[in-house]
Amino acid sequence: MEDVLEVYKLPYDAHRPLICMDEMPKQLLADKQEPLPCQVGTPTREDYEYKRNGVADLFMVFEPLAGKRFVEVTEKRRKIEWATVMKQVSDVFYPQAEKILVVLDNLNTHSPSAFYETFEPEEARRLVERFEFHFTPKHGSWLNMAEIELSALVRQCLDRRIPEIQTLAQEVQAWQEQRNDEVVKVQWQFTTTDARTKLKHLYPKFSGVTDH
């Protein structure tokens, strides 16, 4: 926990950008009957029945100090999707960076080994060396600022039925562009001092030792 909080204290450095990465599933649902359009004083009304069209996955890459985010929509959630997204982060978004600092959770697909399962060894090693990973502790994913962005995405864009992955990708792209244009940042307030005071129960307890 303190490792992540100390990373958040670092000043902006274009050569060592800090990004937060997280992902979430989105169920694709289609209406069985056309919704009734809204009228004055009456919201749009949907039938309770719907058709399931599978599940898509959304990868959120958020740079809090720059107010930039990138969301990739994929059909599956596997190591290959994560590794491919991270390669894009390295070579498309931050090609000039000396090292990319990444805050992420301990999901089993979020591992440097994913690069070796996706790419040839030389390429995998190159990508591993591009990143410096800082993992949130177990039950501490709330420390990842990408979760804040995913929550905003759900509230502002995804809190409704979306029938297929193409529409989902288009809606997410529009949301991403507007939020980036507005340069929306996160003002992180929780510090290491706060953690030691308010989350004291999460720290190990040591009994005193007396020398004889």
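Any read-out appearing in this document is the output of simple, stated calculations on the displayed coordinates, not a laboratory observation. Small disclaimer: the values here were computed from a predicted structure and weren't measured. Cβ coordinates were reconstructed from backbone atoms using ideal geometry, including for glycine residues, and neighbour counts include every protein chain displayed.
Kindly indicate which of Val128, Val102 is over 18 Å from Thr74 (Cα atoms), in contact with a Pro (Cβ under 7 Å, 6 or more places away or on another chain) and β-branched (Val, Ile, Thr).
Val128
Can you name the residue in the stretch 128-146 that is closer than 18 Å to Phe59 by Cβ and in contact with a Ser or Thr (Cβ under 6 Å, 6 or more places away or on another chain) and, of all such residues, is surrounded by the fewest Cβ atoms within 10 Å (Cβ to Cβ)?
Arg130
Could you pull out the residue among Glu98, Glu72 that is outside any loop (DSSP other than H, G, I, E, B) and of a type outside the set (Phe, Trp, Tyr)?
Exactly one residue qualifies, and that residue is Glu72.
Cβ-Cβ distance below 9 Å, separation of 6 or more or different chains: which pairs start in the stretch 77-94 with a residue that is within 13 Å of Phe119 (Cβ to Cβ) and end on one that is surrounded by fewer than 18 Cβ atoms within 10 Å (Cβ to Cβ) and of a type in the set (A, V, I, L, M)?
Final answer for the pair search is Trp82/Leu107.
Which of (1) surrounded by fewer than 19 Cβ atoms within 10 Å (Cβ to Cβ); (2) part of a strand (DSSP E or B) is the odd one out, the single condition Leu107 does not satisfy?
The number of the failed condition is (2).
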